[in-house]
Amino acid sequence: MDVYRHIALSVAIWLPIAFGVLILLGGRRYPRLVRPLSAVGAGGTFLVTVPLWGLFRAGSYAMQFRESAPWIPAFHINYALGVDGISMPLVLLTSMIGVIVVIAAGPAVKERVAEYFAAFLIMEGLMIGVFSALDAMLFYVFWEAMLIPMFLIIGIWGGPNRVYATIKFFLYTFLGSVLMLVALLYLYYRAGESFRIAAYYHLPLGLTPQILIFLAFLIAFAVKIPMWPVHTWLPDAHVEAPTGGSVVLAAIMLKMGAYGFVRFSLPIVPMASHELSGLMITLSLIAVVYIGLVALMQDDMKKLIAYSSIAHMGFVTLGIFLFRRIAMDGALVQMISHGFVSAALFLCVGVLYDRLHSRAIHDYGGVANRMPIFAAFMMLFAMANAGLPGTSGFVGEFLVILGAFKVDVWYAVLAATTLISGAAYTLWMYKRVIFGPVTKPAVAGLSDVTGRELSFLAILGAAVLILGVWPAPLLHVMSASVHHLLWRPGVRLAGATP
Amino acid sequence: MHIRPVLPEIIVFTMACVILLADLFWKRRFKGLMYAATQGTLAAAAVAAYAARNETPRVILHGMMAADYLSVILQIAIFAMTAIVLAYSRTYMTERGVFRSEYFALALTGVAGMCVMVSAAHFLSLYLGLELMSLSLYALIAMQRDSVPATEAAMKYFILGALSSGLLLYGLSMLYGATGSLEIGKVAAALAALPRQDLVATLGLVFVLSGLAFKLGVVPFHMWVPDVYEGAPTGVTLYVSAAPKIAAFALFLRLLVEGLHGLSGAWQEMLVLLSFLSMAIGNVVAIAQVNIKRMLAYSAIAHMGFLLLGLLSARVSGYADALFYALVYALMTLGAFGVIILLSRKGFEAERLDDLRGLYNRSPWYAWVMLLFMFSMAGIPPTIGFYAKLAVIQAAVSAGFYGLAVAAVLFSVIGAFYYLRAVKLMFFDAPVDAMPLRPGRDLRWVLSLNGLAMVLATPWVGALIGICRAAVRGFP
């Protein structure tokens with residue numbers, strides 16, 4: 001076990017990347033090996049990450065499973081990895097979604113199969129790297145490197161308008177992150193030439209530099225989350241991306257922005273975070289209320305779920321910047337929950353799209369008559385998206401709303417409108433797609449889910465229910481890290497210690 | 001006499017003459033032998049340079065040449081780049097009937113000139129090396145006599161090059177007037193004794209910097225770059241785009257940093273302007289190009305702007321960063337032009353961006369290789385281009401140029417667009433040209449290695465920067 005502690009994260013990062021490169025190189029010559037190899041790569045990574053949960057010492061906020069080696073000594077850049085209670089669940093989420101994406105890439109992927117799996121495996125490794133990097137520059141390298149596979153995934157396997165969408169996606173996110181690079185370089189010199197993220201936590205920075213750094217980080221993270229008003233790339237990217245791309249985008253990449261706030265903005269520039277929390281809360285509430293209304297008007301199912309993702313991520317940022325213990329817990333649970341729910345909904349749309357090659361709501365109707373099992377699963381995920389008690393979607397939203405009550409009743413009232421709008425857009429879509437008589441001839445010919453589809457829907461369904469009914473283990477794992485985040489010695493983000 | 005440090009120059013120059021003479025006697029035979037002899041010369045010169053790596057830094061040959069680690073590193077880089085150029089252009093130049101001894105001889109004299117440039121310790125030897133390189137370049141560009149664009153490009157380059165050499169000489173003469181010496185070390189010492197804002201010396205600096213900026217191709221002295229890149233045969237563009245940039249960069253180090261360090265405040269301000277304008281104009285204008293060689297020319301201008309970020313920090317670590325950037329850039333640009341050569345064939349010049357269309361369907365491997373070059377030029381990790389950008393931007397931040405650093409990263413976003421467009425053409429579009437690619441063996445292997453180096457160098461970035469740091473150790 002001791003060896004495991006010292007190599008687990010590296011293996012989780014490099015195993016999928018190695019399999020990805022292998023598939024890229026050999027996939028053309030041996031096309032029949034592509035799927036088994038990717039299954040082994042993704043499954044192996046998942047198995048490597050599972051013991052993280054068991055071996056994690058939940059009472060400690062310290063980084064665990066640490067590794068460190070000098071990488072670029074000239075700039076004091078280290079290959080330093082480690083996870084705490086906040087990042088460990090995200091690593092697990094990533095490896096789990098990795099498996100699901102590999103299962104979900106069914107016969108619909110016909111072109112350039114090897115490259116498809118390779119891109120996803122490489123991206124999985126990079127995403128785990130983002131969540132476990134303890135060195136700011138290593139973090140940045142993983143963060144940026146992810147753009148390359150995603151650019152190709154949307155551009156090669158996407159829909160008709162894919163080129164526009166993928167270039168927009170790339171330039172938006174690249175623009176966001178380069179300013180973060182300058183901020184990191186500034187911190188590097190302030191911290192006496194160190195890229196250790198933890199070294200930035202104790203810097204005595206004045207308010208003006210704090211605010212500038214906060215804004216530089218904000219642009220990087222807000223684009224990734226995405227927050228209103230820099231969200232416009234997301235619907236385009238989602239609509240054009242293949243199902244697997246949408247799943248990874250919604251389930252994991254969006255979480256990176258929120259993770260960035262928790263790992264960088266809050267601890268490094270606490271004064272600026274406080275100073276600008278009003279702005280952040282306003283932007284979050286606009287996302288929750290306004291984007292919720294926008295989602296209502298969509299006819300494209302993927303676009304609808306994309307907008308609902310923005311609204312749900314608004315809850316995450318709201319929870320983070322309320323600076324209340326309960327709201328922070330809620331935001332972090334919401335991150336994991338949204339990972340399951342949005343992935344499941346995009347997969348549901350993928351299941352329908354594979355059959356009818358349409359994402360338009362008006363092309364469907366009465367699907368329940370032909371696909372009862374599918375309808376049942378989609379019902380579960382729709383309910384979770386709407387925040388029904390008993391599903392994971394409820395826990396996060398409820399905790400955030402509770403936290404908002406403690407700060408300002410109006411925040412809570414505005415945030416709670418999501419319970420109405422979320423239910424409205426999700427269930428209205430569900431009603432129009434699934435219920436009613438079968439009026440379209442194409443729908444009449446639908447067949448119910450295959451075993452493959454059933455397997456990933458069942459895994460995600462179980463996850464949604466377990467997290468919804470019993471979130472305590474997750475809260476327990478995060479507890480010490482969240483406490484340390486809010487009440488670090490010397491910096492009290494959330495007022496007096498409880 | 002201390003011959004050992006100048007042994008590489010002697011080897012290269014002697015072999016250039018030998019190859020030229022041998023061709024007179026054995027007309028049109030042993031063409032493969034000439035190629036092998038040239039590559040062998042470069043290898044031998046690299047070994048000779050490497051053997052001199054441990055010499056104590058000093059000035060030799062009556063103050064003419066500097067023997068230090070910097071010139072060793074730069075010379076080896078120049079030999080390696082030229083060897084790659086010859087390997088890439090072999091099929092291309094053969095098909096166009098110019099893979100002849102003149103080509104090898106001119107390439108070698110150019111290399112000799114660059115070697116003198118990078119280790120010059122005296123205004124005269126520096127100028128001699130510069131002219132030797134420039135004249136070889138003019139002749140190389142005009143080698144295809146019957147090609148109108150090539151002749152035009154050579155003419156433009158020659159006239160503008162002569163003008164810039166004149167500016168440089170004028171500046172050097174003023175410095176001589178101000179300090180009374182032509183030796184770089186003595187000039188530096190004399191400048192230190194002058195009052196801070198000596199008018200003659202500052203005016204001399206302006207002219208010297210203009211001349212140098214021209215050779216490096218930075219705005220506003222960049223007009224020749226796109227025309228020469230476009231007009232020259234691609235095999236020669238390859239040559240012009242890599243090693244001469246390294247040599248020109250060495251002139252900045254030798255003249256500005258070693259010689260005119262006393263005026264560093266003045267040249268810092270000028271370099272800020274040059275760097276900003278180059279990044280802005282290079283990146284923005286590149287977007288409008290449809291000719292891929294012109295696009296890469298503007299990209300070169302932008303990259304030279306980034307390179308200056310390292311220099312203008314006026315810190316030793318910044319010079320190392322700029323040196324690292326120059327070497328990385330040379331490798332990237334060689335690869336990108338290598339892919340253009342790959343796409344060309346007898347009677348067909350791949351010049352338009354559209355010629356990249358559907359490369360992924362025609363040859364997935366080379367599409368991936370080009371993708372690595374493009375993302376490396378755009379500065380996206382994990383490619384080596386990112387670490388180079390990180391190094392120079394870090395240098396600018398370390399010297400307190402925050403605004404310029406922000407401008408640099410924003411321009412790199414603008415620049416990312418046209419590199420992405422190239423990737424889009426290769427990967428997302430269907431091919432218009434179904435001719436299979438038949439790269440020669442040299443091109444195939446070296447290009448693949450060059451491409452893989454873009455990512456596989458990642459774990460050794462630290463060591464490479466360490467070498468660059470060692471090369472500029474002892475600079476003021």
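Quick notes on this one:
- When you filter the trypsin sites (Lys or Arg not before Pro) in segment A:88-182 for DSSP loop state and at most 16 other Cβ atoms inside 10 Å of their Cβ, you are left with A:Lys110.
- Take every pair of alpha-carbon atoms less than 8 Å apart whose residues are at least six positions apart; their mean separation over the length of segment A:139-275 yields a relative contact order of 32 percent.
- When chains B and A come together, the accessible area they lose, probed at 1.4 Å and totalled over both chains, is close to 3400 Å².
- Rolling a 1.4 Å probe over the protein heavy atoms of segment A:1-96, with every protein chain left in place, gives an accessible area that is 69 percent carbon and sulfur.
- Gyration tensor verdict on chain A (Cα atoms; rounded if a/c is under 1.5, prolate if a/b is larger than b/c, oblate otherwise): oblate
- In percent, rounded to a whole number, the relative contact order of segment B:1-85 is 33, using alpha-carbon pairs under 8 Å and six or more apart.
- If you plug the beta carbon distance of A:Lys110 and B:Asn54 into 1/(1 + (r/R0)^6) with R0 = 56 Å, you get a FRET efficiency near 0.40.
- Listing of segment A:164-200 residues, each with accessible area lower by at least 30 Å² in the full protein assembly than in the chain alone (probe 1.4 Å): A:Ile167, A:Phe170, A:Leu171, A:Phe174, A:Leu175, A:Val178, A:Leu179, A:Leu181, A:Val182, A:Leu185, A:Tyr186, A:Tyr189
- Here the 3J(HN,Hα) profile of segment B:340-354, calculated from phi with Karplus coefficients 6.51, -1.76 and 1.60 at θ = phi - 60°, is 5, 4, 4, 7, 7, 8, 4, x, 9, 9, 6, 10, 7, 4, 4 Hz, Gly and Pro shown as x.
- Debye equation applied to the C-alpha atoms of segment B:4-471, log10 I(q)/I(0) at 0.06, 0.07, 0.13 Å⁻¹: -0.24, -0.32, -1.20
- Cut-off under 5 Å, modelled amide H: who pairs with A:Arg488 long-range: A:Leu493
- Annotation note: GluC sites (Glu not before Pro) in segment A:90-154 located in DSSP loop regions with a Cβ neighbour count of at most 11 within 10 Å are A:Glu111.
- For residues of B:404-417, the mean tally of beta carbons on other chains within 10 Å: 4
- Crossing angle, helix A:325-356 versus chain A [Cα axis fit, 0-90 degrees, rounded to tens]: 30 degrees
- Degrees separating the helix A:207-224 axis from the principal Cα axis of chain A, which is the longest one: 20 degrees
- Degrees, to the nearest 10: A:472-486 long Cα axis against longest axis of chain A: 40 degrees
- Per residue, in Å², the accessible surface of the protein assembly as shown once ligands and nucleic acids are set aside, probe 1.4 Å: 33 Å²
- Cα shape, the protein assembly as shown, gyration tensor, a/c 1.5 rule: prolate
- Shielding by partners - mean other protein chain Cβ count within 10 Å, residues of A:146-158: 3
- Counting only DSSP H runs of at least 4 residues, each contributing -39500 (n - 2.57), and dividing by the residue count of chain A, the helix-based mean residue ellipticity at 222 nm comes to -23000 deg cm²/dmol.
- Stokes-Einstein translational diffusion, segment A:349-498 - Kirkwood Rh over all Cα pairs, 0.692 mPa s, 37 °C, in µm²/s: 183 µm²/s
- Per DSSP, loop trypsin sites (Lys or Arg not before Pro) in segment B:256-353 with at most 13 further Cβ within 10 Å: B:Lys346
- Computed E for B:Leu163/B:Trp365 - FRET, C-beta separation, R0 30 angstrom, nearest 0.05: 0.10
- For segment B:333-389, Kirkwood radius (reciprocal of mean inverse C-alpha pair distance, Å): 12.0 Å
- On a per residue basis, the convex hull of the C-alpha atoms belonging to segment A:141-224 measures out at 85 Å³.
- Rounded D (µm²/s) - segment A:57-159, Kirkwood Rh over Cα pairs, Stokes-Einstein at 25 °C, 0.890 mPa s: 161 µm²/s
- Computed extension length for A:Ala458-A:Ala198: 89.6 nm, one decimal, from 0.36 nm per residue of separation with the Cα-Cα distance subtracted.
- Per-residue mean of C-beta atoms belonging to partner chains within 10 Å, peptide B:377-383: 5
- Segment B:4-471, relative contact order in percent, only Cα pairs under 8 angstrom and at least six apart counted: 15 percent
- In chain B, the sites counted are chymotrypsin sites (Phe, Trp or Tyr not before Pro) in DSSP loop states with at most 16 other Cβ atoms within 10 Å, and the longest stretch holding none of them, exclusive of the sites, is B:31-476.
- Per-pair calculated FRET efficiency, R0 = 35 Å: B:Ile287 and B:Val206 via Cβ, rounded to 0.05: 0.65
- Split the accessible area of segment B:4-471 by element, probe 1.4 Å, and carbon with sulfur accounts for 69%.
The values are calculated or read from the model by the stated rules, or taken from the named source; none is laboratory data. Note that this is a predicted model, so its numbers are computed, not measured. Using ideal geometry, Cβ is built from the backbone for each residue, glycine included, and neighbour counts are taken over all protein chains shown. Note: accessible area is taken over every heavy atom of the protein model, side chains too, but ligands, DNA and RNA are not part of it. Shrake-Rupley method; radii C 1.70, N 1.55, O 1.52, S 1.80 Å.
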